[in-house]
Structures are given as structure tokens and as C-alpha cells.
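A quick write-up on the structure given underneath.
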């Protein structure tokens, strides 16, 4: 059974999730594609994504679903001063504007969404992750998600 229409609902400040979902829809051969971008306008970066549509999504049930006591995890990539040229590429692509560049690069860790856009954009490789949890996740992802797989459709 081939679907005739799909709705792509995503939060994609760097545009990556949007591209993945568009690829899945294309792989399925779907002609009717409706997109709902949940990315807040201020989080969308000019170089990676389009302005977000204002869409209200309603999820049935009681809110909050589960009482939580979140543990704040302040983490962000660090900058290696020896290799940083202060070009500002990291600050330009940061969707949360957590990175500022003056005579050095500063990051507000509490504002960082850990999207790694700044790490990818750094031309000298000066933006790096030193957080052990992030480094473990990167090793796991490289080991388990490096092979390109074709989209699968389950009915």
C-alpha cells in the first residue's frame, strides 16, 4: 500500500530534520506532502532553514503527562583558542544565539540546544565537544548509524 499523502511535522533549527523527512517522503514516492514546521522563528538560522510557520499542535491527554523534576544539563561545545580565528561562523549559525564572538568565543551553556551547528560550521575545527556524555553518544552513533539505509514503510 502506497500512501497518497503525508504530513511532515518537525522541529529543525539547522534544517537537518526537515531534509531527512523530505527524503523519506521522496523515497516513498508520495506526491501529496504537507509540511508543519514547529521551529520557532527566532531559532531558525538564515543559512539552514526557512522561517517557521506558526502552528498549534494539540496532543490529547492530561498535562503534564508525568510529573518531572528535570535535572538541568548545561553543556556546550568548547573553543580551542589556539586554532580559533574569531571568524564568527559559529555565532552566525547558532539557532539559540548562545555563541558570541568578541576577542574570544563565549557560549551561554544554559542556552545551548546541543545541535552542533557551530561545530559543523567552524572552518578550523576549533569548536569541539569535550562533554563525556556527548562524546560517548558520538561514538555510538558512528558505530550504529553510519550506514545509509533506504526508507522503510510499514503498514
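A short reminder: the numbers here are calculations on the coordinates, not readings from a lab. Small disclaimer: the values here were computed from a predicted structure and weren't measured. Backbone-built Cβ (ideal geometry, glycine too); neighbour counts: all protein chains shown.
Across the stretch 75-97, the residues whose backbone nitrogen lies under 15 Å from the label position 7 Å along the beta-carbon direction of residue 104 are 78-86.
By how many nm would the segment from residue 154 to residue 33 lengthen if fully extended, with 0.36 nm per residue of separation less the alpha-carbon distance? Mind showing how you got there, number by number?
On the way: separation 121, 0.36 × 121 = 43.56 nm, distance 1.80 nm.
Fully extending the segment from residue 154 to residue 33 adds 41.8 nm.
Placing a label point 7 Å from the Cα of residue 2 along the Cα-to-Cβ line, the residues of the stretch 16-41 whose backbone N sits under 16 Å from it are 24-33.
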